[in-house]
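> The following block contains the structure, expressed as structure tokens.
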Amino acid sequence: MQAGADGVYLDFLELTGTGDAFRKLKADGAKVVGVAPPRIRKPGEEKIDRFLVGLAPDAVLVRGLGALRELRERAAISQDRALYVGDFSLNIANALSAREILGAGLPAFTPSFDLDAKQLPNFLKGSLAPFAEVVIHHPMPLFHIEHCVIAGLLSTGRDHRTCGRPCDRHQISLRDRAGMDHPVEADVGCRNTVFHAALQSAAQLVPTIARHGVRRFRIELVREDDATVKSLVKIYRALLAGQTDATTARQQLKTASRYGVVSGSLRVL
């Protein structure tokens, strides 16, 4: 928020810290503080969503069809003041799926990461652009695993009750054969997500989709420090304001990251 973002989603490992951070941000005057429930949720874990919604956030990421159904059943979408945004995991990749989600009551959606640099602007060229919240910078979540790599490597415990929660004190990465370290992060359900080490940027598409009518742009962060976050927000702010071009912005982004930035799923094959 200090870097100049209009709002922030909290996607924390543990619920107590989420509540503390939410209240601190609101006390500091943050206008938009949203929450991001776990990417995977199983039966019996509904209390996690209830806790997060109970904070009265300004926005909520809806990450699964089951969560959407529950929201509709208790009419939360129409009654709560929060903006509910269908996340990329709903796989909204065409006008048909977008209208289905919007028709189900969600006022906004994030386009699927399956769309490449040609398909995404075409998808958002029409009437759907004002409803889109586009992720323009992020480490790609590669896969989710039930096994907790962190506890498996740094603990002799069997589950969250006996592992001693090494995830609170340590960071784990998986190093591939090219020497790249891919971050492994645990969620509140102790499930792990492996993120790609290189950051994916849609800087080259920002001016085009902004002209199409997109007004919500999202940067996702995993392990970036203060200086990197400030640099990222500044670069994308300048790009959106027309103070720099996409080529210059991409060059600046490459120097701001250890592994540079890549086109990733946006690459046109």
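The values are calculated or read from the model by the stated rules, or taken from the named source; none is laboratory data. As the structure is a computational prediction, the values presented were derived from the model and not from experiment. Virtual Cβ from ideal backbone geometry, glycine too; neighbours counted across all protein chains shown.
> Just the residues that are closer than 16 Å to G34 by Cα and surrounded by 16 or more Cβ atoms within 10 Å (Cβ to Cβ), please, taken from the stretch 89-107.
L106, the sole residue that qualifies.
> Something else now. Please verify whether the stretch 108-125 includes one or more residues that are over 16 Å from the mean Cα position of the chain (by Cα), over 27 Å from L199 (Cβ atoms) and surrounded by fewer than 20 Cβ atoms within 10 Å (Cβ to Cβ).
no
> Could you grab the pairs with beta carbons closer than 9 Å, sequence gap of 6+ or different chains, first residue in the stretch 168-184 and touching a residue at least 40 places away in the same chain (Cβ under 8 Å), second one among the charged types (D, E, K, R)?
Pairs that qualify, where the first residue is touching a residue at least 40 places away in the same chain (Cβ under 8 Å) and the partner is among the charged types (D, E, K, R), are D168/E14; Q171/E185; Q171/R223; H182/R175; H182/D176; P183/R223.
> So, in the stretch 38-65, how many residues would count as being touching a Pro at 6+ places or on another chain (Cβ under 8 Å) and not aliphatic (A, V, I, L, M)?
4
> Turning to a different aspect of this structure: Out of contact with any Lys or Arg (no Cβ under 8 Å at 6 or more places or on another chain), closer than 22 Å to E14 by Cα and of a type in the set (A, V, I, L, M): does that describe I209?
no
> So, one more: Restricting attention to the stretch 197-223, and to residues there that are within 13 Å of L124 (Cα to Cα) and among the basic types (K, R), which single residue is surrounded by the most Cβ atoms within 10 Å (Cβ to Cβ)?
Only one residue tops the list, namely R216.
> Which fully enclosed helices (runs of 4 or more DSSP H) of the stretch 88-154 have 1 or more residues being touching a Cys at 6+ places or on another chain (Cβ under 6 Å) and closer than 26 Å to R175 by Cα? Spell out how you get there, then give the answer.
Values: elements: 95-103, 119-123, 149-154.
Output list reads 149-154.
Residue by residue, here is whether (1) touching a strand residue (DSSP E or B) at 6+ places or on another chain (Cβ under 9 Å); (2) in contact (Cβ under 8 Å) with a residue 24 or more places away in the chain; (3) more than 16 Å from V262 (Cβ to Cβ) holds:
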{"position": "T193", "(1), (2), (3)": "yes, yes, yes"}
{"position": "R216", "(1), (2), (3)": "yes, yes, yes"}
{"position": "K230", "(1), (2), (3)": "no, yes, yes"}
{"position": "R237", "(1), (2), (3)": "no, yes, yes"}
{"position": "Q243", "(1), (2), (3)": "no, no, yes"}
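> Hey, could you check the stretch 1-21 for residues that are assigned to a helix (DSSP H, G or I) and small (G, A, S) and say which is surrounded by the most Cβ atoms within 10 Å (Cβ to Cβ)? Reasoning before the result, please.
First, the residues of the stretch 1-21 that are assigned to a helix (DSSP H, G or I): 15-21.
After this cut, where a residue has to be small (G, A, S) as well, the list is 17, 19, 21.
Numbers: G17: 13, G19: 17, A21: 15.
That would be G19.
> Can you tell me how many residues in the stretch 206-244 are aliphatic (A, V, I, L, M) and touching a Pro at 6+ places or on another chain (Cβ under 6 Å)?
2
> For the list (1) of a type outside the set (S, T, Y); (2) at pLDDT below 95; (3) within 24 Å of I172 (Cα to Cα), I need the number of the one condition that E220 fails.
(2)
> Sticking with this one: In this structure, does R211 turn out to be modelled with pLDDT of 90 or more and farther than 20 Å from E133 by Cβ?
no
> Look through the stretch 29-53, keep the residues that are more than 14 Å from the chain's Cα centre (by Cα) and at pLDDT 90 or above, and return whichever of them is surrounded by the fewest Cβ atoms within 10 Å (Cβ to Cβ).
Checked the stretch 29-53; the qualifying residue surrounded by the fewest Cβ atoms within 10 Å (Cβ to Cβ) is G29.
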